[in-house]
1. Please go through the range 25-45 and give me each residue that is near ligand 1 (Cβ under 9 Å from one of its atoms) and free of Cβ contacts under 8 Å to residues at least 60 places away in the same chain, ordered by number.
2. Among the residues of the range 1-30, write down those that are more than 19 Å from the chain's Cα centre (by Cα) and among the small types (Gly, Ala, Ser).
3. Considering (1) within 15 Å of ligand 1 (Cβ to nearest atom); (2) buried (at least 21 other Cβ atoms within 10 Å of the Cβ), say which one Lys22 fails and leave the rest.
4. Please note which helices (runs of 4 or more DSSP H) are completely contained in the range 100-205 and include at least 1 residues that are touching a residue at least 40 places away in the same chain (Cβ under 8 Å) and away from ligand 1 (no atom under 16 Å from the Cβ).
5. Could you please let me know if Thr190 is modelled with pLDDT under 95, more than 28 Å from Gly19 (Cα to Cα) and of a type outside the set (Asp, Glu)?
6. Looking at the range 45-55, can you tell me whether even one residue there is at pLDDT 95 or above, basic (Lys, Arg) and assigned to a helix (DSSP H, G or I)?
7. Within the range 20-27, can one find any residue that is assigned by TED's automatic domain parsing to the domain that holds Ile192, assigned to a strand (DSSP E or B) and charged (D, E, K, R)?
8. Quick test of your reading of the structure: Gly94 fulfils all but one of (1) within 23 Å of Arg188 (Cα to Cα); (2) away from ligand 2 (no atom under 16 Å from the Cβ); (3) modelled with pLDDT under 95. Name the failing condition by number.
Amino acid sequence: MLELQHINYAVHEPDGELGILKDISLAVDDHRLVVFTGPNGGGKTTLAKIVMGLVKPTTGRILWNGEDITGLGITERAKMGISYGFQQPPRFKGLTVRDLLTIAAGNGKLSKDRCCQYLTKVGLCANDYLDREVDASLSGGEVKRIEIATILARNAQLMIFDEPEAGIDLWSFTRLTETFEQIHRAGRATMIVISHQERIISLADEVVVIGDGSISHRGSADEILPEILADTTGACPVLTKGGAAL
Ligand SMILES: Nc1ncnc2c1ncn2[C@@H]1O[C@H](COP(=O)(O)OP(=O)(O)OP(=O)(O)O)[C@@H](O)[C@H]1O
Ligand SMILES: [Mg+2]
């Protein structure tokens, strides 16, 4: 179980302190699929990075399976079963797709068949990609899909996906949502998915709307989706015509 207790995160700006996250408290039970959604700049990625240990909260506590992990770094949290896929994944010059999957799986050698299984889930063919370097020669969507495959290979207890739909074509996206459904149905992991996509939001056991650094709504997809759709104030970009999501 993941517990966030009174998380605040502020940065120092020339004209004073800027509050990015304001008193966020949240518990995510095991094997739940929770979607964080809400307007751009609301604080979703920052909160995910706080869970992974990439950003240290100004105040507040993070508990994982009852243990206070607030002071722990990324590597320690990864060893405890937490994984995070970046909104904009980094590239790894000199490492191949096979290397990344092998490191993620953490069990020495990964067979081509296993690599193929992970890559197929994100719509990539192992024959074409296994020996490619994860450098600038890969397209944005390819890098994103490879990173998602590494999270699947890691088989972590808590998987955090930051806008997995971003830059991914419709065919791969459909396959990916099916993979999320399978993991969820099998009770294999707890998933936090940051998304603006109605299709992903509808998979959620719970939807948490984060806006202006706070939780503005929480509830089931059935409760929250109509609220988002009915919010015609334009405060939430998922409603605007420019947002590809809805
Ligand atoms: N280190 C920092 N210094 C200044 N501002 C920051 C810093 N980190 C985050 N922010 C700001 O905090 C806000 C929240 O950012 P965050 O990336 O968490 O938003 P988000 O909800 O993930 O948005 P999006 O939907 O666009 O991905 C943004 O306005 C961002 O510019
Ligand atoms: Mg973000």
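The values are calculated or read from the model by the stated rules, or taken from the named source; none is laboratory data. Note that the structure is predicted; figures quoted are calculated from it, not measured. Methodologically, a virtual Cβ is constructed for each residue, glycine included, from the backbone with ideal geometry; neighbour enumeration extends over all protein chains shown.
1. Gly41
2. Residues satisfying the conditions are Ala10, Gly16, Gly19.
3. Lys22 satisfies all of (1) within 15 Å of ligand 1 (Cβ to nearest atom); (2) buried (at least 21 other Cβ atoms within 10 Å of the Cβ) except (2).
4. Values: elements: 112-121, 126-129, 140-154, 170-186, 198-201.
The helices (runs of 4 or more DSSP H) meeting that bar are 112-121, 140-154, 170-186.
5. Values: modelled with pLDDT under 95: no; more than 28 Å from Gly19 (Cα to Cα): yes; of a type outside the set (Asp, Glu): yes.
In short, no.
6. Looking through the range 45-55, at least one residue is at pLDDT 95 or above, basic (Lys, Arg) and assigned to a helix (DSSP H, G or I).
7. yes
8. Tallying (1) within 23 Å of Arg188 (Cα to Cα); (2) away from ligand 2 (no atom under 16 Å from the Cβ); (3) modelled with pLDDT under 95, Gly94 fails exactly one: (1).
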